[in-house]
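First up is the structure itself, then whatever we jot down about it.
The values are calculated or read from the model by the stated rules, or taken from the named source; none is laboratory data. Keep in mind it's a predicted model, so treat the numbers as computed, not measured. Here the Cβ positions follow ideal geometry from the backbone for every residue, glycine too, while neighbour counts run over all protein chains shown. Ligands, DNA and RNA are excluded from the accessible area calculation, which covers all protein heavy atoms including side chains. Shrake-Rupley method; radii C 1.70, N 1.55, O 1.52, S 1.80 Å.
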Amino acid sequence: MDIILLGPPGAGKGTQAKRLVAERDLVQLSTGDMLRAAIAAGTPVGLKAKAVMERGELVSDAIVSALIGEHLDKSNGKGAIFDGYPRTGHQAEALELLLADRGRKLDHVIELKVDEDALVERICGRFTCAQCGALYHDTAHPPQVEGVCDECGSTEFKRRPDDNEETVRKRMAEYRAKTAPILPVYESQGLVREVDGMGTVDEVAAAIDAILDA
Ligand code: ADP
Ligand code: ZN
């Protein structure tokens, strides 16, 4: 099963992708995570991407599609949850080819619908465990013991440099201008299912499960 999770920054794509991976035999292919790993490793791709991401703009289609191709080849034929990819019409076309080359095609495009003002609040409060990557939020989902990761006990956390209001607004504008226009193409193929992304994590999860298990 190959699934795209589509929605603006902060819609909950990463949270739902991680849950699906834990519960099903799927891999999460997040270009954002791949790019952050490239930056941390200081690769040529990372060097190119860093400033672009800090401005809230999109990294080039060629770079992200190459990353997806590499990771598809490393995923042992498991079904994929695409999270943060495709983000432009060119990327959508590239993905179709990458899948077709491997005898695969998309099963679902799940659109997470959310309210933009709520997104700024969600994104600006979020942070992750520096050790295990568990996701937290200052008000919506703080660790049970302040300063200690629920999952692994680490006391180190990190925030993304692009999770500030100005950059978030830019990322939203990029989403509206470049990513939302790919939805009609998937709609014409009958692939799109809408999910209300404003519910709790469990409510959103249940709605996604209902689609995947139908
Ligand atoms: P979010 O969905 O919260 O914006 P991501 O981790 O998906 O977070 O993306 C962070 C940044 O990484 C984006 O603002 C963009 O600069 C870059 N990026 C991630 N995926 C892509 C992509 N498919 N195409 C272009 N740029 C991307
Ligand atoms: Zn942890």
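Identify the residue in the range 1-18 that is away from ligand 2 (no atom under 16 Å from the Cβ) and among the charged types (D, E, K, R) and, among all such residues, is farthest from S75 (Cα to Cα).
K13
Could you list all residues from the range 162-174 that are of a type in the set (S, T, Y) and surrounded by fewer than 16 Cβ atoms within 10 Å (Cβ to Cβ)?
Across the range 162-174, there are no qualifying residues.
How about the range 55-134: which strands (runs of 3 or more DSSP E) wholly inside it have at least 2 residues that are within 18 Å of the chain's Cα centre (by Cα) and away from ligand 2 (no atom under 16 Å from the Cβ)?
79-83, 108-113
So which residues in the range 160-210 are among the β-branched types (V, I, T) and over 25 Å from D2 (Cβ atoms), if there are any at all?
T167, V168, T200
Restricting to the range 41-50, give me the number of residues that are small (G, A, S) and either at pLDDT below 95 or in a loop (DSSP other than H, G, I, E, B) (or both).
1
Just for the range 10-34: of the residues that are open to solvent by less than 10 Å² (accessible area, probe 1.4 Å), within 13 Å of ligand 1 (Cβ to nearest atom) and not polar (S, T, N, Q), which one is modelled with the lowest pLDDT?
Only one residue tops the list, namely A11.
Please go through the range 128-141 and give me each residue that is open to solvent by 30 Å² or more (accessible area, probe 1.4 Å) and either within 14 Å of ligand 1 (Cβ to nearest atom) or aromatic (F, W, Y) (or both), ordered by number.
T128, L135, listed by residue number.
Among the residues that make up the range 154-165, is at least one of them within 16 Å of ligand 2 (Cβ to nearest atom), touching a Ser or Thr at 6+ places or on another chain (Cβ under 7 Å) and either among the charged types (D, E, K, R) or not in a loop (DSSP other than H, G, I, E, B) (or both)?
yes
Quick check on K105: is it open to solvent by 10 Å² or more (accessible area, probe 1.4 Å), touching a residue at least 12 places away in the same chain (Cβ under 8 Å) and more than 20 Å from R159 (Cβ to Cβ)?
For K105, the condition - open to solvent by 10 Å² or more (accessible area, probe 1.4 Å), touching a residue at least 12 places away in the same chain (Cβ under 8 Å) and more than 20 Å from R159 (Cβ to Cβ) - is met.
I'm trying to understand the selection: among the residues of the range 63-84, which are near ligand 1 (Cβ under 10 Å from one of its atoms) and free of Cβ contacts under 8 Å to residues at least 60 places away in the same chain?
Those that are near ligand 1 (Cβ under 10 Å from one of its atoms) and free of Cβ contacts under 8 Å to residues at least 60 places away in the same chain: I63, V64, S65, L67, I68.
Starting from residues that are more than 11 Å from ligand 1 (Cβ to nearest atom) and open to solvent by 10 Å² or more (accessible area, probe 1.4 Å), keep the ones in the range 38-47 and report whichever is nearest to G103 (Cα to Cα).
Ranking the qualifying residues of the range 38-47, first place goes to V45.
Among the residues of the range 142-161, what is the count of those that are modelled with pLDDT under 95 and open to solvent by less than 90 Å² (accessible area, probe 1.4 Å)?
So the answer is 1.
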